[in-house]
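First the structure, in the form of structure tokens, and then the observations on it.
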Amino acid sequence: YQAKRERREFVVYHSDSDNHTPERLALHTQLSRAIRENCLALHYQPKVRLSDRQVVGFEALLRWPHPEKGMISPGDFIPLAESTELIHPLTHWVLDEALGQLRRWQEQGLGTCLAVNISPHNLLNPGFTEELRELLASHQVAAEWLELEVTEGALMADPERALRSLLAIRELGVTLSIDDFGTGYSSLAYLKRLPTQLLKIDRTFVSAMTHNASDAMIVQSTLALAHNFSMQVVAEGVEDEATAAALNRLGCDIAQGYYFGRPMPAAGVEQWRAAYGQPHDKSASN
Ligand code: C2E
Ligand code: MG
Ligand code: MG
Ligand code: MG
């Protein structure tokens with residue numbers, strides 16, 4: 001565990017003591033095998049443009065179908081991967097799978113953007129940009145179709161290095177987005193320097209905005225801020241029409257949430273698209 005020791009400065013989410021319990025060590029071994037043996041899965045959640053309710057892309061969300069524990073959510077194993085070197089092969093697997101899917105959709109004529117979540121450890125890994133470039137080339141996918149989401153908190157671990165890395169990734173033509181905005185502590189001076197095109201308002205503010213005035217105010221201020229910095233805004237966690245309509249009135253660009261579609265396996269996406277496009281869809285219901 002020398003490698004783990006060296007990366008201790010990056011352990012953000014879990015204390016070391018958590019990582020050394022027999023259960024976590026066993027889970028680590030199983031996760032490592034799941035990556036190698038291709039036993040993870042991506043689910044895809046639609047992103048919808050609020051002005052005309054058109055689908056503008058999807059976000060890939062990682063799932064681990066565990067033989068005994070059932071489906072494990074990323075929140076329960078990403079921190080474990082992040083506390084060791086496992087986050088690197090894990091992200092490689094995710095990008096490889098996501099780009100493969102993107103390519104298949106393009107071949108089927110379903111041109112769409114796909115967003116992938118990356119960890120701060122990926123961003124701070126010096127070889128990451130090159131790895132990304134090679135993956136795009138090997139899947140023959142133009143960089144414009146790929147979007148990378150980095151959480152605001154993640155950028156704060158090492159703001160200067162994160163910024164350099166984002167600039168290099170942006171050079172490739174990949175779209176960048178700040179995830180979970182409002183939960184970190186980035187300064188306006190830092191935000192202004194980021195080469196990001198999208199900002200995602202965290203769902204904690206979105207979910208209560210129709211009945212909580214201060215959350216509505218946070219959403220409104222974030223929209224003004226992002227638009228002043230020429231970024232488009234995505235609202236996360238939209239669960240009802242009232243929220244979607246309120247966001248549209250405030251000028252929010254894109255929405256994502258259970259109201260439009262839950263994360264689903266690739267096999268369900270085509271069917272979802274067909275159903276969404278029907279006359280009784282969300283855009284016609286109000
Ligand atoms: P995130 O990127 O902010 O993703 C949004 C999360 O909110 C997802 O949880 C999604 O399923 C959930 N969600 C979407 N719409 C709604 C809604 O209307 N209501 C509610 N209550 N929840 C909604 P999930 O899939 O459990 O992912 C959790 C987090 O794990 C993600 O947050 C992301 O930070 C991380 N993650 C997911 N996949 C990956 C990955 O491939 N790599 C890395 N590094 N992190 C990942
Ligand atoms: Mg995300
Ligand atoms: Mg998010
Ligand atoms: Mg979030």
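The values are calculated or read from the model by the stated rules, or taken from the named source; none is laboratory data. Quick caveat: nothing in here was measured; it's all calculated off a predicted structure. Every residue, glycine as well, gets a Cβ built from its backbone with ideal geometry; the counts of neighbours run over all protein chains shown.
Of note:
- Condition met for residue 122 (farther than 22 Å from residue 264 by Cβ and either under 17 Å from the mean Cα position of the chain (by Cα) or not aliphatic (A, V, I, L, M) (or both)): yes
- Residue list for the stretch 99-118, restricted to those being within 13 Å of ligand 1 (Cβ to nearest atom) and within 16 Å of residue 200 (Cβ to Cβ): 114, 115, 116, 117, 118
- Cβ pairs under 7 Å, 6+ apart, first in the stretch 41-54 and closer than 13 Å to residue 235 by Cβ and buried (at least 23 other Cβ atoms within 10 Å of the Cβ), second modelled with pLDDT under 95 and among the charged types (D, E, K, R): none
- The one condition from (1) at positive phi; (2) buried (at least 21 other Cβ atoms within 10 Å of the Cβ); (3) of a type in the set (Ser, Thr, Tyr) that residue 222 does not meet is (1).
- Hits in the stretch 157-193 - residues which are within 16 Å of ligand 4 (Cβ to nearest atom) and either within 17 Å of residue 116 (Cβ to Cβ) or modelled with pLDDT of 95 or more (or both): 177, 178, 179, 180
- Scanning the stretch 166-197 for residues that are crowded, with 17+ Cβ neighbours inside 10 Å and within 12 Å of ligand 1 (Cβ to nearest atom) returns 177, 178, 179, 180, 181, 182.
- One residue from 128, 58 being farther than 25 Å from residue 259 by Cα, of a type in the set (Phe, Trp, Tyr) and at pLDDT 95 or above: 128
- Residue match in the stretch 152-163 (condition: under 21 Å from residue 253 (Cα atoms) and within 15 Å of ligand 3 (Cβ to nearest atom)): yes
- Residue that is without any contact (Cβ under 8 Å) to a residue 40 or more places away in the chain, under 25 Å from residue 94 (Cα atoms) and either within 16 Å of ligand 3 (Cβ to nearest atom) or among the aliphatic types (A, V, I, L, M) (or both), where the choices are 246, 224, 267, 274: 267
- Residue 258 closer than 22 Å to residue 55 by Cβ and of a type outside the set (A, V, I, L, M): yes
- Scan of the stretch 196-221 for residues that are of a type in the set (Asp, Glu) and either away from ligand 2 (no atom under 14 Å from the Cβ) or free of Cβ contacts under 8 Å to residues at least 12 places away in the same chain (or both), ordered by number: 215
- Meets criteria (in a helix (DSSP H, G or I), small (Gly, Ala, Ser) and either more than 23 Å from residue 131 (Cα to Cα) or modelled with pLDDT under 95 (or both)) for residue 81: no
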